[in-house]
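What follows is a short report on a single structure.
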Amino acid sequence: MQQIKFHTERLRASGLRPTKQRLVVCRILFDRKETFHFTIKKLKKITEKESKKKISLATLYNTVHALTKKGYLKEISLKGNETFFDTNTINHHHFYDEDSSQLIDIKKENVTVSNLPEAPKGKNIKDIEITIRVANNNQKHKNN
């Protein structure tokens, strides 16, 4: 019961009415022990599987984008036009597995960045988030 109240307040703070469908989305996103990385497409599949209620793609987009705008989710753009969302909004880095299309968290303190260029005139560097792309090594080794 406490979680429903929490989700209701989160939705209202994001400018959304707490409908049953949006509460289902919040439960899927935030009732987890670990960080959840997802695309809208992946979220659609999960909501269809876990919920008896039909949730439109427009409701998913609007809910996710409102939660992102309010700071409850982080948006991560990868692979051209593929956009991921992350329930961990604390500054951190990622591995992106190109074979499985999954993001894996890297703690900020596990990456060191040095020799940064100066920001363009009139600008300050706001933040640095690194995405390291990884893939299986499928090359056959030659014996010499």
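The values are calculated or read from the model by the stated rules, or taken from the named source; none is laboratory data. All figures in this text were calculated on a predicted structure; none of them were measured in a lab. Cβ: placed from backbone, ideal geometry, glycine included. Neighbour counts: every protein chain shown.
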### Query
Looking at segment 93-128, which of its residues are at pLDDT 90 or above, surrounded by 10 or more Cβ atoms within 10 Å (Cβ to Cβ) and of a type in the set (Asp, Glu)?
ASP97, ASP105
### Query
Could you say whether any residue in segment 40-62 is in contact with a His (Cβ under 6 Å, 6 or more places away or on another chain) and aromatic (Phe, Trp, Tyr)?
no
### Query
Name the residues in segment 32-79 that are buried (at least 18 other Cβ atoms within 10 Å of the Cβ), in a loop (DSSP other than H, G, I, E, B) and without any contact (Cβ under 8 Å) to a residue 40 or more places away in the chain, would you?
ILE55
### Message
With the requirement that a residue be in contact with a Pro (Cβ under 8 Å, 6 or more places away or on another chain) and closer than 21 Å to LYS52 by Cα, what does segment 1-32 give you?
### Response
HIS7, THR8, LEU11
### Task
Among the numbered conditions (1) among the β-branched types (Val, Ile, Thr); (2) assigned to a loop (DSSP other than H, G, I, E, B); (3) more than 30 Å from ARG12 (Cα to Cα), tell me where ILE90 comes up short.
(3)
### Query
How many of the residues making up segment 4-31 are part of a loop (DSSP other than H, G, I, E, B) and either aromatic (Phe, Trp, Tyr) or surrounded by 13 or more Cβ atoms within 10 Å (Cβ to Cβ) (or both)?
4
